[in-house]
Amino acid sequence: MAEVRYRKLDALTDDEVYAAYEPPADDWLRVNFVSSADGAATLEGLSGPLSGEEDKRVFKVLRARCDVLLAGSGTVAAEGYGPLVLSPDRMAWRRAHGLPEVPVMAVASRTLADLDPAAGIFTEAPRRAIVIVPTDLPEAQVAPFREVADVIATGTGAVDYAAAVDALRERGLRQILCEGGPRVFGDLIAADLADELDLTLSPLLAGAGSIRIAEGTASDAARPLELRHVLEAGGNLILRYLRDSTDE
């Protein structure tokens, strides 16, 4: 088992934060979430109030490191996702590492009901976005999105995430960052696709009634993880877990 490192985030340079999140393999799927100390994924239906500048520093590094950012349509709508853009320093880091200036945005949806093809996440995207839908979704619902995004159709009645991940990697999008929501994460766990969980524990008590970071499809077994590091900032614990079969 790898040694667990505990460090103060404020004591790390940006290069050290990038190094702390070096992916162990060319094909890698990491999931990034924030939760309250008592396990809530949202406050008043949103994850934003749980997050602060401390964990957003890591959040921005994870975005800079990925080839594609995957999110469910419910999360995109609720959190108000706009076009996927990065700061000039993040784009410079990507150029220096042989990457396009920004990742691709991929939105998964069972019905497309939460999405608007005229929204900026599609029409103002610096790189053409991707929409992932079931194969049996009526073409009348899909057609407007074909004008503004590439469409990946997998699964019947629901997105087949194993096939969707394969399709993304066939496009050269091998480093996948998922930002939720909880139902997408639940589906990824059930399909045994999550290689890494990056979890910020916010120093808040949300109380009863909030959802967990993983919901929806039940998994057939618990997936063991190894804790690789703990970063502390402003009372937040920023945890990096990897599948325990992985050796960096």
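The values are calculated or read from the model by the stated rules, or taken from the named source; none is laboratory data. It should be emphasised that the depicted structure is a prediction, and the values quoted were computed from it without experimental measurement. Positions of Cβ are generated from backbone atoms using ideal geometry, with glycine treated the same way; all protein chains shown enter the neighbour counts. Note: accessible area is taken over every heavy atom of the protein model, side chains too, but ligands, DNA and RNA are not part of it. Shrake-Rupley method; radii C 1.70, N 1.55, O 1.52, S 1.80 Å.
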Do you know which residues across the range 1-52 are charged (D, E, K, R) and farther than 21 Å from I213 by Cβ? E3, R5, R7, K8, D10, D14, D15, E16, E22, D26, D27
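I need the helices (runs of 4 or more DSSP H) fully contained in the range 30-106, keeping only those with at least 1 residues that are in contact with a Ser or Thr (Cβ under 8 Å, 6 or more places away or on another chain).
Per the criteria, 53-65, 73-79.
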Near pairs, Cβ below 6 angstrom, 6+ apart or cross-chain, from the range 165-184 (of a type in the set (D, E, K, R)) to any residue that is not in a loop (DSSP other than H, G, I, E, B): E179/N32; E179/A71
Between a residue in the range 229-248 that is under 18 Å from E16 (Cβ atoms) and outside any strand (DSSP E or B) and any residue that is at pLDDT 95 or above and not charged (D, E, K, R), which pairs come within a Cβ distance under 7 Å, given they are 6 or more apart or on different chains? E248/P24
Answer from D116, D38 - the residue that is open to solvent by 70 Å² or more (accessible area, probe 1.4 Å) and closer than 17 Å to L201 by Cα: D38
Look at L239 and say whether it is touching a His at 6+ places or on another chain (Cβ under 8 Å), open to solvent by less than 20 Å² (accessible area, probe 1.4 Å) and among the aliphatic types (A, V, I, L, M). yes
For the range 193-216, give me each residue that is in contact with a Leu (Cβ under 9 Å, 6 or more places away or on another chain) and open to solvent by 60 Å² or more (accessible area, probe 1.4 Å). P203, L204
Answer residue from the range 10-25, given it is under 22 Å from L225 (Cα atoms) and touching a residue at least 40 places away in the same chain (Cβ under 8 Å) and is most open to solvent (accessible area, probe 1.4 Å) among those: E22
Single residue of the range 181-192 satisfying the filter (part of a helix (DSSP H, G or I) and either open to solvent by 30 Å² or more (accessible area, probe 1.4 Å) or among the small types (G, A, S) (or both)) that is nearest to G74 (Cα to Cα): R183
Would you point out the residue of the range 41-61, among those that are surrounded by fewer than 19 Cβ atoms within 10 Å (Cβ to Cβ) and over 21 Å from L84 (Cβ atoms), that is farthest from the chain's Cα centre (by Cα)? E44
Residue hits (the range 83-117; touching a residue at least 40 places away in the same chain (Cβ under 8 Å), in contact with a helix residue (DSSP H, G or I) (Cβ under 8 Å, 6 or more places away or on another chain), aliphatic (A, V, I, L, M) and under 28 Å from T13 (Cα atoms)) are L84
Restricting to the range 41-64, name every residue that is under 20 Å from A194 (Cα atoms), touching a Leu at 6+ places or on another chain (Cβ under 9 Å) and aliphatic (A, V, I, L, M). A41, V58, L62, A64
